[in-house]
Amino acid sequence: MTPNPTTPNEAAMRVAALYDKTGREILPGDTLKVDHFIGPRRKRHYMFKFVLEIVVIGSTDPKQALKLLHLSTGLPASAYYYELQDGRTLPDYEIVQGYGTDGTPYDQRPRHAPATSRTGRNEGKA
C-alpha cells in the first residue's frame, strides 16, 4: 500500500481553476473585461482587470485565489482583490488578452463545460 503523498490541505489547494463566461481557464497574465453596469439607452459599461498571480490565502484553511488588479488611471497599485479558485464560471468576466504559462494564446485554450456560476444560474444555455 502506497501512502498518499498529499495532505488534505494540499489536495484542497489543487482544486479547480476559475473560468470566464466562454469556459476558458483564467490564468495569471490575462486581461479581463468585466461587465460593470448597463446605463441609459442600454449602453454597456465595462471595467478591465489584470490577473497578477495565484496566491494562497488563509492560514488555518489555506485556499488558492487569483489576485486581480484594477486597470485604471488614478488608482493606487494596491487596488486589487481576490477571486477564489473553486471551479466557478464567472458570467460577467471575459478574457480579452493573455497567454497561458506555456505560451498558448487565450483563444486557443480548451473550453470547460458550463457549470453553475456564483449567482446560481446555469451558464451556457443554448
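The values are calculated or read from the model by the stated rules, or taken from the named source; none is laboratory data. All figures in this text were calculated on a predicted structure; none of them were measured in a lab. All Cβ positions, even for glycine, are placed from backbone atoms using ideal geometry, and neighbour counts span all protein chains on display.
Below is a table of values for the structure above.
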| quantity | calculated |
| --- | --- |
| Strands (runs of 3 or more DSSP E) completely within the stretch 40-102 that count 3 or more residues being touching a Lys or Arg at 6+ places or on another chain (Cβ under 9 Å) and of a type in the set (A, V, I, L, M) | 44-57 |
| Residue satisfying all of: in the stretch 33-43; over 15 Å from Gln97 (Cα atoms) and surrounded by 10 or more Cβ atoms within 10 Å (Cβ to Cβ); nearest to the chain's Cα centre (by Cα) among these | Asp35 |
| Failed item, numbered, when Lys21 is tested on (1) surrounded by 13 or more Cβ atoms within 10 Å (Cβ to Cβ); (2) of a type outside the set (Phe, Trp, Tyr); (3) not in a loop (DSSP other than H, G, I, E, B) | (3) |
| Single match in Pro62, Pro76 (criterion: over 20 Å from Gly23 (Cβ atoms), at pLDDT below 85 and of a type outside the set (Asp, Glu)) | Pro76 |
| Filter result for Ala16 (in a helix (DSSP H, G or I) and at pLDDT below 90) | no |
| Condition check for Ala126: within 22 Å of Val56 (Cβ to Cβ), in a loop (DSSP other than H, G, I, E, B) and either in contact with a strand residue (DSSP E or B) (Cβ under 7 Å, 6 or more places away or on another chain) or modelled with pLDDT under 90 (or both) | no |
| Cβ-Cβ under 7 Å pairs, at least 6 apart or on other chains, the stretch 56-70 side on the phi < 0 side of the Ramachandran plot, far side at pLDDT 90 or above and outside any strand (DSSP E or B) | Val56/Pro62; Gln64/Gln85; Ala65/Gln85; Leu66/Leu18; Leu66/Ile26; Leu66/Gln85 |
| Members of the stretch 45-60 found to be small (Gly, Ala, Ser) and surrounded by 15 or more Cβ atoms within 10 Å (Cβ to Cβ), listed by number | none |
| Residue match in the stretch 59-76 (condition: basic (Lys, Arg) and closer than 23 Å to Arg111 by Cβ) | no |
| Subset of the stretch 71-80 (residues that are of a type in the set (Gly, Ala, Ser) and in contact (Cβ under 8 Å) with a residue 24 or more places away in the chain) | Ser72 |
